[in-house]
Each structure stands twice: as structure tokens, then as C-alpha cells.
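Structure first, then comments.
The values are calculated or read from the model by the stated rules, or taken from the named source; none is laboratory data. Predicted model only: the values in this text are computed from it and were never measured. Note that we place each Cβ from the backbone using ideal geometry, even for glycine, and neighbour counts take in every protein chain shown.
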Amino acid sequence: MTPAIHPSILNADQAHLAAELDRVSTADGLHVDIMDNHFVPNQFGGPGLVESVLAHTSLPVDAHLMVTDADRWAPVYAETGCAIVTCHIEATAAPFRLAGQLHRLGAGVGLALRPATPLAAVEPLLAELDLLLLMTVEPGFGGQSFLEPMLDKITAARRLVGRRGQQLRIQIDGGVTEQTIARAAEAGADVFVAGSAVYRSDDAAAAIAALRASAAAHSH
């Protein structure tokens, strides 16, 4: 699949959100983190922020819920208009029911795994998913370094999906740079959340293009 770059607005200047969204208009989607200070030790976002983002972009919005009660909150983001709503398997009590609910509301279904959560946790659910998010840092903070052991997990996930003949996108989030994106693409990831690599660049469009080119050169 063609690599997709989803800048994370966690790294944007929140006081100038419309301008910051304009800077990344050449991306393939936007990644919006929602953190509740329970599932992760940080707080960010909410339905109001997502509504503001949707009002200022035509890109598909991918909401990543790092919250404890995902079953309750995920449908809210589908109703708001997110293209994909991604919950953590560790915070979802009834993932089959939730996936059905999100699809009925018109949203794509994503499931995320913390770095230490094994792929076996989502294997029974793969047929219900549109996106599998493998965290490549411990969730909660931007600007962390890519966890090298996650490359094997990406490879295993791509092999698992391939065996099923499924068109499931594998997203990674955390420590994405031109160097790490090449290796992650080679391992089988095809959607890349980029925070600092895009927003700390003087030219966000050039950074997005460079990341996309690096991933494309190494993807299968």
C-alpha cells in the first residue's frame, strides 16, 4: 500500500491551530491524540479540539484515544466526524461490540497496542479492523526515541495480516524520523504518525515529502 503520513497535532502550536493545520495540508491525514491523565500520565485534547481540527482541514482525521473508558468515548469521536477512531486494546472492555458500533457510525476502526502488549491480544479482532496501531514509544508524550525492538513486532504483524489476505493498514506512532521510517516501512508499516519530525521543521511540507519518499523507497 502507498505510505501515508499523518502529522500529530500534539506537536503543533495549539494557540495557532488553523495556521498549524495549513502547514501540513500536503499530508495524507491528521493524527489527533486524546489523553485523559489516567491511561497515560498526560492530558490533551477532547471532542472540542477534534471539532476545531475538523473545521479547519479537509484531511481525514484519525483520533487516537489514550483513555481508560474507550468503549464509552470512542463513539463520541465517530459522531464528531473522525475518519478513523483508534482505541487501545488495553482500555477496551468489549472490542467486538465497539468495532461494530464505530462502523455503524461511519468511522474506520483502529486498535492500538502499547509496546509491551503482544500481537496475540488483537489477533482474534483483526477481521474487524481497518487499522492496527503499533506504538513505537511508550504512549503519553511526544518527542521520544523509536523503540528498536518494535521492528520485529511490525514484521510479525505484517506477516500475520498477509496470511489472512487482509487489506489492513499498519500504523506506527512514536520516534518517526527519515531514518526510522525507512526501517519501519521495510518491516511492513504503511501509515506513519510524525510529530516532531514535521512540526519542528522549518518547512513542514518538505518534511512530509521527505518522510513519504523515504517510506516509499523501502516499502514492499
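So that you can scan it fast, the table gives a plain yes or no per residue for (1) farther than 18 Å from residue 47 by Cβ; (2) crowded, with 17+ Cβ neighbours inside 10 Å; (3) within 14 Å of the chain's Cα centre (by Cα); (4) at pLDDT below 95:
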residue: 62; (1), (2), (3), (4): no, yes, yes, no
residue: 70; (1), (2), (3), (4): no, yes, no, no
residue: 79; (1), (2), (3), (4): no, no, no, no
residue: 84; (1), (2), (3), (4): no, yes, yes, no
residue: 97; (1), (2), (3), (4): yes, no, no, no
residue: 103; (1), (2), (3), (4): yes, no, no, no
residue: 111; (1), (2), (3), (4): yes, yes, yes, no
In segment 1-58, the residues that are of a type in the set (A, V, I, L, M) and under 14 Å from the mean Cα position of the chain (by Cα): 4, 5, 9, 10, 27, 30, 32, 34, 35
Residues being without any contact (Cβ under 8 Å) to a residue 40 or more places away in the chain and either of a type in the set (Gly, Ala, Ser) or in a loop (DSSP other than H, G, I, E, B) (or both) - total across segment 29-60: 12
Qualifying positions in segment 155-175 - in contact with a helix residue (DSSP H, G or I) (Cβ under 6 Å, 6 or more places away or on another chain) and either basic (Lys, Arg) or under 13 Å from residue 5 (Cα atoms) (or both): 170, 172
Residue identified as hydrophobic (A, V, I, L, M, F, W, C) and assigned to a loop (DSSP other than H, G, I, E, B) among 161, 198, 193, 137: 137
